[in-house]
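Visitor: Below is a structure I'd like to ask you about.
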Amino acid sequence: MSVQEHVPVIPSGAFEVKRSPGSPLWKNVSAELLREIRIGTFDARFPGELELAQRYGVSRGTIRAALRPLREAGHVSAHPGRMPKVVAGKSTAYGPLYSLLASIRESGMTHSSIVLEQNIVQNSTVAAALSMDATAELFHLARIRLADGEPIGLDEVWLPADTTSALQDSDFSQNSLYGELDRRCGMVLDGGTESLSAVVADKGQAGLLACSAGAPLLLIERVGCYRAQSLEFRRSYVVGERVEISTSFGCKA
C-alpha cells in the first residue's frame, strides 16, 4: 500500500502550477513563487504555508520545500512564530566575488582573461551537483582571470549544455559570463549556495597563476540557480595575496 501526498482541493481563483517534465513539484511551485515575488504580488503581505498550499493546490510539505531555496537566497525571511516576509530589494544569490570582472573594474584596473577551455564535456561529479544525469552534456569554461595583466584567479564553470549552448560562440577573453548568459540565453541567476575555504596552490595551479607552489589560495565553490533549478557549478581559485575582500553591514559611513 503506497502513501500518497494529500493534495487539498483547489479553491476558486487558485493558481494551477505548470509542471516541467522530470522536475519535482516543489521546484515548480518555488519558481512560481519567485515569479510572483518579483512582480510584487506579495508586497503587502506574504501568505502563510496553509494559504499558499491552498493557493497552488499542493500540500504544506511541498510548500515548505518550495520556500527553502527562496529563504536561502534571501527572497523571503522567516523566523519561528512569525509570518514570512518578502525581503524587498535583497538578494544573497552572489557572494562578494560574484563577478571578478566587476570587482576588477571597480578597483580601477584593467580586466582580461586567458581562456583555457570552452567546450562541451561530460563530468559525473558536476552533473550530480546540478541534479543531472551522469552522462548529461555540460558547457565548460575555464579561464585565468587577469587584473592589469597579472593573474589573480583560476576560474571554472559548468552549465547544462542543452540550455546554454549559445555561449560557445562568446568571447570570454573580455566578456562577463553572467552578462553573456543574460544576453544570449535570457537567464539571470536568482539564488544558490556558496562556500569559501582556504587551500594551497599545487604545481599546476602555481604555473597558471604565476605564484609559488604552496601559496595560499581562496577556493570558492558555488551552485547557482535559475527559477529554483540548479544551473551553474563554479569553482574558483583566487590568489590570496592579490585580492582583498571587504563588505559592510549595519551602518553607513
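Visitor: Spot the failing condition for Asp182; the list is (1) of a type in the set (Asp, Glu); (2) open to solvent by 10 Å² or more (accessible area, probe 1.4 Å); (3) in contact with a strand residue (DSSP E or B) (Cβ under 6 Å, 6 or more places away or on another chain), and only one is missed.
Guide: (3)
Visitor: With respect to Gly13, determine if the residue is more than 21 Å from Asp190 (Cβ to Cβ) and at pLDDT 80 or above.
Guide: Details: more than 21 Å from Asp190 (Cβ to Cβ): yes; at pLDDT 80 or above: no.
No.
Visitor: If we scan the range 31-52, do we find a residue that is hydrophobic (A, V, I, L, M, F, W, C), part of a loop (DSSP other than H, G, I, E, B) and open to solvent by 80 Å² or more (accessible area, probe 1.4 Å)?
Guide: First pass over the range 31-52, keeping only residues hydrophobic (A, V, I, L, M, F, W, C): 31, 33-34, 37, 39, 42, 44, 46, 50, 52.
Now drop any that are not part of a loop (DSSP other than H, G, I, E, B), which leaves 39, 42, 44, 46.
Going one step further and asking which of them are open to solvent by 80 Å² or more (accessible area, probe 1.4 Å), we end up with 39, 44.
The answer is yes; a qualifying residue exists.
Visitor: Considering only the range 120-223, give the helices (runs of 4 or more DSSP H) lying wholly within it that have at least 3 residues that are more than 29 Å from Pro69 (Cα to Cα), touching a residue at least 12 places away in the same chain (Cβ under 8 Å) and acidic (Asp, Glu).
Guide: none
For every residue, the table says whether it meets (1) within 20 Å of Val121 (Cβ to Cβ); (2) charged (D, E, K, R).
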site: Ala142; (1), (2): yes, no
site: Leu146; (1), (2): no, no
site: Glu150; (1), (2): no, yes
site: Pro160; (1), (2): yes, no
site: Asn175; (1), (2): no, no
site: Arg183; (1), (2): no, yes
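Visitor: Where residues in the range 222-234 are over 8 Å from the mean Cα position of the chain (by Cα) and at pLDDT below 90, which of them is surrounded by the most Cβ atoms within 10 Å (Cβ to Cβ)?
Guide: Ala228
Visitor: So, one more: Can you list residue pairs whose Cβ atoms sit under 9 Å apart, with the first residue in the range 38-58 being modelled with pLDDT of 85 or more and the second being in a loop (DSSP other than H, G, I, E, B) and of a type in the set (S, T, N, Q)? Count only pairs 6 or more apart in sequence or on different chains.
Guide: Correct list of pairs: Ala53/Ser59.
Visitor: Looking at Cys185, is it under 24 Å from Val29 (Cβ atoms) and out of contact with any Phe, Trp or Tyr (no Cβ under 9 Å at 6 or more places or on another chain)?
Guide: Values: under 24 Å from Val29 (Cβ atoms): yes; out of contact with any Phe, Trp or Tyr (no Cβ under 9 Å at 6 or more places or on another chain): yes.
Spelling it out, Cys185 is indeed under 24 Å from Val29 (Cβ atoms) and out of contact with any Phe, Trp or Tyr (no Cβ under 9 Å at 6 or more places or on another chain).
Visitor: Of all residues being over 16 Å from the mean Cα position of the chain (by Cα) and among the acidic types (Asp, Glu) in the range 108-166, which is most open to solvent (accessible area, probe 1.4 Å)? Just the residue, please.
Guide: So, considering only residues that are over 16 Å from the mean Cα position of the chain (by Cα) and among the acidic types (Asp, Glu), the one most open to solvent (accessible area, probe 1.4 Å) is Asp162.
The values are calculated or read from the model by the stated rules, or taken from the named source; none is laboratory data. All of these numbers come straight from a predicted model, not from anything done at the bench. Because the Cβ atoms are built from the backbone with ideal geometry, glycine has one as well, and the counts that use them run over all protein chains shown. Areas reflect the complete protein model, heavy atoms only, side chains present, ligands, DNA and RNA absent. Shrake-Rupley method; radii C 1.70, N 1.55, O 1.52, S 1.80 Å.
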